[in-house]
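The structure appears right after this line, and notes come after that.
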Amino acid sequence: MSSLGALFDRLGKQHRLWRNLFFAALVLLLGLNLMIRPEEAHFGWDAYPGAFAAFGLVVGFVLLLILEKIVRPLIARKEDFYGDI
Amino acid sequence: MATSSFLHPSLGFLVLAVILPFLPGRQWKWLLLIPPVIALWSVFTMTPGVHAVLPYLGEQVILGRVDRLSLIFAQVFAVMSLIGMTYALNVPDKGSHIAASLYVAGSFGSVFAGDYLSLFVFWELMSIGSTFLIFLNRSRESTLAGFRYFLFHTVGGLFLLGGLLLRHQATGSFAFDHIPADGAALYDWLILIGFCVNAAVVPLHAWLPDAYPRATVAGAVFMCAFTTKTAVYVLARGFAGWEILAVAGAVMAVYGVGHAIIANSARRILAYDIISQVGYMAVGIGVGTAMTLDGAAAHAYAHILYKSLLFMSIGCLIQGLGTDRLEKLGGLASRLPWITLFFTVGSLSISGMPLFNGFVTKTMTIAGTAAAHHTAIALALEVATVGTFIAVGIRLPYFVFWRRRPADAGPEPVWKPLPWNMYAGMALAAVLCIAQGVHPDMLYHFLPYAVDVPYEPWAAWNVLQALLLLGFAGLATYLLRGLLVTHPGVNLDFDYFYRLIGKALLFVICRPIAWIDGLWSEVYRVIGLNALKVLGWVSAWFDRSVIDCMVDGSAITVSDVGRLGAKLQSGNLQNYLAMTGVLFLLIFGLVWYLG
């Protein structure tokens, strides 16, 4: 295994560290959003702090739930659905 | 008639395609790099204006319309051709390089075409070249996919041809210029449909995820860059400000990413994401302000770089491991760290992460759309941004590189080492993705339209907004990680309806033909066969009565003469002398009588 591969191997095993860093980064971003706002709120709601965080979270939830729970069961077929083509 | 300030970038590729079959050995591979280098030199030295105007059938064929819009697309095509040829350098199949060369030549030709005639010729050249990039994967699956691809693009080409001919009949001109949305005629709509086929506008898009995953490894890298982006160029040239394109683009952005999130093979995920990313460009063109048109051009540039990088990374897995199926992959980050690194650069770029080029182009398009008060469309693009990050920024790299390989995935495939040039191609694209992200001006400098207030991607709010959006989309994915599983199989798309239409067409065409064929068979049976019987009887009678009599008579005569001759040959010398004497007298008498 190359040194870069070994590094990736080590990083890949640090689940807890990555998760904690990720949560800390999210909190930091929300804190920054209290101070940094858009000059012009194009959507209206984006003037409020945390609006884009909520948007990303809600859209992520909705996309995954709709696609995995509703759309995929409707359109998934076996590999040979079209025959050998 | 090239001037000193314009050398058509297609030329080198066309020459390469012509001479390649005749070159022996393997050292010809180095020639593959020459046309891209010439194209780069050409693009950076050509002067704006109209070049290479040829008279043809009383029309002006313009092969070299050079302005800032054509230049930025030609520039990224030249860069991409260098990346692609570097990546494909060790492919031994000459056919693959010839197809790629014709394809790239067609793309350059389309970008510099100033009239519909030459545009159509180069447009079709692209179609032919790219079809062979699918065929040359040499499997039954790719042959059939290539046929469907060619069929669909032929239909698109016919729309374009019909539109340009009707347009010429109405206006007397083949000039390819901007068409105002107000008062557009039927022929303009036909041309638009022809362009939309290549741009993979939903629902005319299903050829793309059908064909791209089945192309050759290097072929897919070329294809992900040229077809849809050439279509983006012609849409920007001819249909800027068409509101319907903005709506179609928003639909593409969300629809494409929706499919990408639930697709099961890596190249199919990337193919669906092309539709989504081209949606951003269609929105920029449809909104039609200077900022959104610049955003569309910039995003096309960035997209070519990062999408080719992603296709190259996955292509390495296909070549080295033999599969890109998610359920069979996993745990490759430590085994293939450089490919992981290059893929990560591409996935962060496409996600619009700050420091990578997708960030400086995607946000520009969305900001321009919002500033032009197309709020709902801008919102759809934000939704697509979240979806892209989930599909290509998280799900795809997780399944391929970072998760532990599942025990039920079968025996671990043996890794076949790859040639250096494949890494070189990826490195080139990765460096450009980061360089443009860090220094956006190296891209913005070439944008075609002047804006009053230049877009500042690195403004604090823009960076924070991107990080908030992506960060919390990542949190949603983390919380719903139980939903992220692989599902072997295919997902239905509009190609289901294409096939239905194809079957219906066959039915509609075959039924009348079968009826006519049946009728003809009956007519033949009743009339034709009886007539043939009569003719046969007459022929037999003629044969027996006339032919046979003549032949038999001749045979009998020959036999009688033979028999007489045999009798005359008695073997007695006296008889022979007597007969000679009689013969002599007969001849003498005859000569005396005649004389």
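Computed from label points 7 Å out along Cα-Cβ, the spacing between B:Tyr576 and B:Trp541 is 5.4 nm.
B:Leu583 contributes about 100 Å² of solvent-accessible surface, heavy atoms of the protein only, 1.4 Å probe. Per-residue shielding of B:473-485, expressed as the average number of other chain Cβ atoms within 10 Å of the residue Cβ, stands at 5. 3J(HN,Hα) couplings calculated from phi for region A:2-8 with the Karplus curve 6.51 cos²θ - 1.76 cosθ + 1.60 (θ = phi - 60°) are, in sequence order, 5, 5, 5, x, 5, 4, 4 Hz; Gly and Pro show x.
Could you give me D for region B:286-332, from Stokes-Einstein at 20 °C and 1.002 mPa s, where the hydrodynamic radius is the Kirkwood radius over C-alpha pairs? Units µm² s⁻¹, please.
Details: Rh = 13.0 Å.
Stokes-Einstein gives a translational diffusion coefficient of 165 µm²/s.
Enclosing the Cα atoms of region B:254-493 in their convex hull gives a volume equal to 118 cubic angstrom per residue. Distance between the C-alpha centres of region B:260-294 and region A:19-77: 20 Å, rounded to the whole angstrom.
Under 17 Å from a label point set 7 Å out along the Cα-to-Cβ vector of B:Phe446, the amide N atoms of region B:57-85 belong to B:65-85.
Residues B:Met85, B:Met579, B:Met353 ordered from highest to lowest accessible area at a 1.4 Å probe: B:Met579, B:Met353, B:Met85. Accessible area per residue (1.4 Å probe, heavy atoms of protein chains only) ranks B:Lys94, A:Lys69, A:Lys78 as A:Lys78, A:Lys69, B:Lys94, with the largest value leading. For the protein assembly as shown, the fraction of C-alpha pairs more than 41 angstrom apart is 37%. Accessible surface for region A:3-75, divided over its residues, is 62 Å² per residue with a 1.4 Å probe.
What is the projected area of the convex hull of the Cα atoms of region A:3-75, averaged over all directions, in nm²? Intermediate values should be presented prior to the final figure.
On the way: hull surface 33.8 nm².
The orientation-averaged projected area of the Cα hull of region A:3-75 comes to 8.5 nm².
Treat every Asp and Glu Cβ in region A:1-81 as -1 and every Lys and Arg Cβ as +1, leave all other atoms uncharged, and give the resulting dipole magnitude about the Cα centre to the nearest 20 debye.
Values: 9 positive and 7 negative charges, 91 e Å.
That gives a dipole near 440 debye.
Please go through region B:356-441 and write out the trypsin sites (Lys or Arg not before Pro) that DSSP classes as loop and that have at most 14 other C-beta atoms within 10 Å. Each step should come with its number before you reach the end.
Details: sites: B:Lys362, B:Arg395, B:Arg403, B:Arg404; in loops: B:Arg403, B:Arg404.
Answer by residue number: B:Arg404.
Return the calculated 222 nm mean residue ellipticity for chain B, to the nearest 500 deg cm²/dmol, obtained by summing -39500 (n - 2.57) across DSSP H runs with n ≥ 4 and dividing by the residue count. Write down the numbers at each step before the final one.
Numbers: 22 runs with 401 residues, N = 595.
For chain B, the value works out to -23000 deg cm²/dmol.
Once the chain from B:Val508 to B:Glu456 is taken as fully extended at 0.36 nm per residue, the excess over their C-alpha distance is 13.0 nm.
Across the accessible surface of region B:1-137, with the other protein chains kept in place and a 1.4 Å probe, carbon and sulfur atoms take up 76 percent. Along region B:469-483 the Karplus relation, 6.51 cos²θ - 1.76 cosθ + 1.60 evaluated at θ = phi - 60°, assigns HN-Hα couplings of 4, 6, x, 7, 5, x, 5, 4, 5, 5, 5, 9, 4, x, 7 Hz to successive residues, with x for each Gly and Pro. For region A:3-75, the fraction of 1.4 Å probe accessible surface lying on carbon and sulfur atoms is 70 percent.
Within region B:254-493, what whole-number % of the accessible surface is contributed by carbon and sulfur, with the 1.4 Å probe and all protein chains included in the calculation? If you can, show how the numbers build up before the last one.
Details: 4710 of 7100 Å².
Roughly 66 percent of what the probe reaches on region B:254-493 is carbon or sulfur.
With the charge dipole of region B:500-594 set up from +1 on Lys and Arg Cβ and -1 on Asp and Glu Cβ about the Cα centre, the Cα lying farthest toward the positive end among the listed residues B:Asn575, B:Val561, B:Gly518 is that of B:Gly518.
Taking amide H as placed 1.01 Å from N in the peptide plane, B:Gly64 has its amide H under 5 Å from the amide H of B:His51, B:Gly114, each at least 5 places away in sequence or on another chain. Solvent exposure of B:Arg525, expressed as accessible area, is near 130 Å², computed with a probe of 1.4 Å over the protein chains only. Rounded to the nearest whole Hz, the Karplus-based 3J(HN,Hα) values (6.51 cos²θ - 1.76 cosθ + 1.60, θ = phi - 60°) of region B:88-101 follow the sequence 8, 3, 9, 6, x, 6, 4, x, 5, 5, 5, 4, 5, 5, with x at glycine and proline. The modelled label-to-label distance between B:Thr45 and B:Asp177, using points 7 Å beyond Cα along the C-beta direction, is 3.2 nm.
Only Cα sites of chain B enter the Debye sum here, all with the same form factor; the resulting log10 I(q)/I(0) across q = 0.07, 0.09, 0.11, 0.12 1/Å is -0.47, -0.70, -1.01, -1.18, listed in q order.
At 1.4 Å probe size, with every protein chain present, just tell me what the per residue accessible area of chain B comes to in Å². Show your work: numbers first, answer last.
Details: 25010 Å² over 595 residues.
Using a 1.4 Å probe on heavy atoms only, each residue of chain B averages 42 Å².
Taking a ≥ b ≥ c as the square roots of the eigenvalues of the alpha carbon gyration tensor, region B:33-121 is oblate, as a/c is not under 1.5 and a/b does not beat b/c.
Distance from the C-alpha centroid of region B:192-246 to that of region B:153-184: 18 Å, rounded to the whole angstrom. Taken across both chains, chains A and B shield about 4800 Å² of accessible surface from a 1.4 Å probe. Between B:Glu522 and B:Ile434, what is the spin-label point distance in nm, taking each point 7 Å from the Cα along the Cα→C-beta axis? So the label points at B:Glu522 and B:Ile434 sit 7.7 nm apart. Translational diffusion of region B:181-278, estimated by Stokes-Einstein from the Kirkwood radius over alpha carbon pairs at 10 °C in a medium of 1.306 mPa s, is 115 µm² per second.
Neighbours of B:Ala296, meaning other residues whose beta-carbon lies under 13 angstrom from its beta-carbon, give a summed charge of +2 when Lys and Arg score +1 and Asp and Glu score -1.
Over all pairs of different C-alpha atoms in region B:75-230, the reciprocal of the mean inverse distance, the Kirkwood hydrodynamic radius, equals 16.0 Å. Computed from the alpha carbon atoms alone, the convex hull of region B:543-593 holds 77 Å³ per residue.
The values are calculated or read from the model by the stated rules, or taken from the named source; none is laboratory data. Nothing here was measured: the structure is a model prediction, and the numbers come from that model. In this analysis, Cβ positions are derived from the backbone assuming ideal geometry, glycine residues included, and neighbour counts consider all displayed protein chains. Surface accessibility is based on the protein's heavy atoms, side chains included, excluding ligands, DNA and RNA. Shrake-Rupley method; radii C 1.70, N 1.55, O 1.52, S 1.80 Å.
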